[in-house]
């Protein structure tokens with residue numbers, strides 16, 4: 001459910017249940033919804049979506065930070081190092097969130113490090129598909145935005 005934006009999940013029963021619950025919270029009782037104009041409905045729906053996105057990001061960061069309980073190898077010397085969980089504010093496209101982060105300390109190298117649990121993967125941009133070096137930047141066949 002919800003893993004890819006390219007799939008149509010509109011008939012998913014879990015989505016329908018979530019939407020029914022959110023509709024009551026965001027738009028009120030069905031009998032009073034006729035009083036709302038579309039701009040108000042859209043504004044409330046977007047804010048609900050932003051709240052859900054922030055909460056999911058916060059929850060995921062917290063789950064990833066739990067690796068602080070396991071010693072991680074120092075990137076310089078390779079010795080296992082203890083970790084702690086620290087919270088800092090991250091600014092997401094949907095607003096700020098408190099994000100937990102695993103911080104490990106190597107006493108030998110006297111450095112802190114923040115291990116990544118997943119490697120970054122390049123994603124195609126919706127504004128500019130493909131990589132910039134795929135096209136002749138001086139031709140008129142493909143313009144960069």
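The values are calculated or read from the model by the stated rules, or taken from the named source; none is laboratory data. Since we're looking at a predicted model, the values are computed, not measured. Please note: Cβ atoms are built from the backbone with ideal geometry, for glycine as well, and neighbour counts cover all protein chains shown.
Numerical summary
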| item | result |
| --- | --- |
| Criterion violated by residue 21 - all others in (1) out of contact with any helix residue (DSSP H, G or I) (no Cβ under 6 Å at 6 or more places or on another chain); (2) over 22 Å from residue 104 (Cβ atoms); (3) modelled with pLDDT under 90; (4) surrounded by 12 or more Cβ atoms within 10 Å (Cβ to Cβ) satisfied | (4) |
| Residue under evaluation residue 64, criteria (1) surrounded by 13 or more Cβ atoms within 10 Å (Cβ to Cβ); (2) more than 24 Å from the chain's Cα centre (by Cα), criterion not met | (2) |
| Selected residue [on the phi > 0 side of the Ramachandran plot and in contact with a helix residue (DSSP H, G or I) (Cβ under 8 Å, 6 or more places away or on another chain)] from 28, 83, 95 | 95 |
| Test: residue in the range 27-39 that is under 25 Å from residue 96 (Cα atoms) and either at pLDDT 85 or above or within 20 Å of the chain's Cα centre (by Cα) (or both) | yes |
